[in-house]
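The values are calculated or read from the model by the stated rules, or taken from the named source; none is laboratory data. This one's a predicted model, so the numbers in the text were calculated from it and none came from an experiment. Cβ placement follows ideal geometry from the backbone for every residue including glycine, while neighbour counts extend to all protein chains displayed. When the accessible area is computed, the model is the full protein with side chains, heavy atoms only, and any ligands, DNA or RNA have been set aside. Shrake-Rupley method; radii C 1.70, N 1.55, O 1.52, S 1.80 Å.
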Amino acid sequence: MTDTNDSRGRQLPRAFAADIPTDLAAGRAVELAEIYALDAISDAEREAIDAYVSGAPEAERDSFNDRVRQARETLALSFTAEEEPPADLFARIVAQLPAAAPAEGQARPHAATAETTVAGAPAALPAAEPAHAADELSAARQRREVRRRKSGLRNWLIGVAAAAVIALGGVGIGAYLANQNDPFNQVIEAQDARQATVDVNGGGTATVSISQSHDALVVRMKDVPPPPAGKVYQMWLIPKDGSTPVSQGLMDAEALSKPALVKGIGSAAALGITVEPVGGSATPTLPTVAAAPLNT
Amino acid sequence: MKTLQPGNAAFRFARHDAATAQTRVQHPPAGNLCLRVMETPNAPNFDAPAPPGTAVDLNQQLAQLLGRIADSDQASFAEFYRLTSRRVFGMARRVLIDPELSEDTTQEVFLQVWQNAAKFDPASGSPLAWLMTISHRRAVDKVRSSQSASDREARYGANSQDIDHDSVSDEVDSRLEAEAVVRCLETLTETQQESVRLAYYGGLTYREVAEKLNAAIPTIKSRIRDGLIRLKTCLGVS
């Protein structure tokens, strides 16, 4: 009652049972790789297979993963239906990118959000020798960036996404800064720099370096777990006058590894970090995972 | 909405001089050095005209773009979308039929690309397979939560006459590639093809495929496995 022959008529090793748990118990996990790759299983069955494979001997796990990978490549090559999506779909997607949702009810214009920049860690924390290489890479990347923006940028992107590009400042646009002009180091190394490290609720720490003369602070997260699925970290300045906190940008899992620069801190009483839905919120959702009074 | 309180003041700012800062700055923790390596861009030929060709060409481009998307590069994201959105939306339409659900799915897929580009691992597959895996999973989740199996079967029945390669490009290489796929699909038995297609575009589980085809469950499992393995072997996927 089972197809147990392969294309060459050889007897395949093991016939399937009707249910997945029996297959797993009988050592047929690897034979389930194709059905798994095809999503032809229920969620519960997927969980059962995942649980089995994660606890399986390395060789079996590797075989399973290999077969899944091959099956997925095969499917991607073979099932190639195409259809043009609606013309405005990309604009709708861009509008939902983290920080692109321009802080509904925002107290400040886009430019304020754009003040928050996040640089690559290497630029902010240079080690003597590799820093040179990193600078070259940054420069090369920046050149390509400029070239591409001149030539290749789609017209619709310019119109549609320009606002989002500005608003996105919080998530890594500023990674190309040359080291000597690095505003992060300028803040961190300022004569009046003060620094505090606070625990982040959920793990890790946030180190805040603040310079009144630069009217800026730098936040660096260390060992902070990535936000839960569908969430991002959002930074806020809490004004001294008790008005609504002002978003300073979002940090997704990637941005966590990079320092963030916050300018215009003169009127702020504190810096707060909250967990918000992807895209950010107009007002902070309490409790904060970290907060630091600024005492400016 | 409550206002944020600058509450938990379990910390203090300590004054420290520039020399201290200097020392710290010159000795980054080891983790930052690793980041440097991971951020190394590797796209020497990015500006070359995009050959609208084979899967290999496409995957090379997509891999470079994903590296940049991981750095939050919106232009690369736009290019990635331009190169792949027809595939993602096309698959969603096949699985979901409904245009709005298909748009929602496509939207979710590309948001996931933006957020998870850094997690893409070339060792575990090509960018296209990664993308289509995400897309299929999303589409299947959505169709299963929004439509009963019998609806899906009925829907699929009305739709299953479509050929898969309804958008074969004029490019010679990609045409050859598409022909290889057609030829390889033909090496599958009809029942194998049917089972794989029902699962892929119908969004059916192996159990539902068995019910629809009135076949034994172990038989369907074997057909799907054997069909995909035969296809893989014919296409030379390794």
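Look at A:S211 and say whether it is open to solvent by less than 10 Å² (accessible area, probe 1.4 Å) and over 30 Å from B:L111 (Cβ atoms). It is true that A:S211 is open to solvent by less than 10 Å² (accessible area, probe 1.4 Å) and over 30 Å from B:L111 (Cβ atoms). Just a yes or no: is a residue in region B:176-191 within 9 Å of chain A (Cβ to nearest Cβ), small (G, A, S), in contact with a Leu (Cβ under 9 Å, 6 or more places away or on another chain) and buried (at least 19 other Cβ atoms within 10 Å of the Cβ)? No - not one qualifying residue is present in region B:176-191. Can you confirm whether region A:226-247 contains a residue that is more than 25 Å from the chain's Cα centre (by Cα), among the basic types (K, R) and closer than 14 Å to A:G264 by Cα? Yes.
Looking only at region A:198-207, which residues are surrounded by fewer than 18 Cβ atoms within 10 Å (Cβ to Cβ) and within 16 Å of A:P293 (Cβ to Cβ)? Listed by number, the residues that qualify are A:D199, A:T207. If the condition is being facing another protein chain (nearest Cβ under 7 Å) and surrounded by fewer than 23 Cβ atoms within 10 Å (Cβ to Cβ), then region A:86-99 contributes A:P86, A:L89, A:R92, A:Q96. As for region A:229-244, it holds at least one residue that is open to solvent by 10 Å² or more (accessible area, probe 1.4 Å), more than 8 Å from every other protein chain (Cβ to nearest Cβ) and acidic (D, E).
Against the conditions (1) facing chain B (nearest Cβ under 9 Å); (2) within 24 Å of B:K119 (Cβ to Cβ); (3) among the hydroxyl-bearing types (S, T, Y), A:S209 satisfies every one except (2). Filtering region A:177-193 for residues that are open to solvent by less than 10 Å² (accessible area, probe 1.4 Å) and more than 27 Å from B:D71 (Cα to Cα) leaves a non-empty set. Report every pair of residues separated by at least 6 positions or lying on different chains whose Cβ atoms are under 6 Å apart, first residue within region A:14-41 and within 16 Å of B:L204 (Cα to Cα), second polar (S, T, N, Q) and surrounded by 14 or more Cβ atoms within 10 Å (Cβ to Cβ). Every condition considered, the pairs that remain are A:A40/B:T205; A:I41/B:T205. B:G202 fulfils the conditions (1) surrounded by fewer than 22 Cβ atoms within 10 Å (Cβ to Cβ); (2) more than 9 Å from chain A (Cβ to nearest Cβ); (3) in contact (Cβ under 8 Å) with a residue 12 or more places away in the chain except for a single criterion, (1).
Test of understanding: among B:G31, B:G53, which residue is at pLDDT 50 or above and farther than 30 Å from A:T283 by Cβ? Steps first, please.
Numbers: B:G31 fails: at pLDDT 50 or above.
B:G53 is the lone residue from the list that is at pLDDT 50 or above and farther than 30 Å from A:T283 by Cβ.
Of all residue pairs spaced 6 or more apart or on separate chains, those with beta-carbon atoms under 9 Å, a first member in region A:226-245 that is among the small types (G, A, S) and a second member that is in a loop (DSSP other than H, G, I, E, B) and open to solvent by 50 Å² or more (accessible area, probe 1.4 Å) are A:G242/B:T3; A:S243/A:A107; A:S243/B:T3. Suppose the filter is under 21 Å from B:V209 (Cβ atoms) and either of a type in the set (K, R) or touching a residue at least 40 places away in the same chain (Cβ under 8 Å) (or both); does A:R69 pass it? The answer is no for A:R69. Residues that are open to solvent by 30 Å² or more (accessible area, probe 1.4 Å) and touching a Pro at 6+ places or on another chain (Cβ under 9 Å) were ranked within region A:5-51; the one that is modelled with the lowest pLDDT is A:A15. Mind telling me which of the residues B:P122, B:P99, B:P127 ends up being open to solvent by 40 Å² or more (accessible area, probe 1.4 Å), touching a residue at least 40 places away in the same chain (Cβ under 8 Å) and assigned by TED's automatic domain parsing to the domain that holds B:Q64? So the residue among B:P122, B:P99, B:P127 that is open to solvent by 40 Å² or more (accessible area, probe 1.4 Å), touching a residue at least 40 places away in the same chain (Cβ under 8 Å) and assigned by TED's automatic domain parsing to the domain that holds B:Q64 is B:P122.
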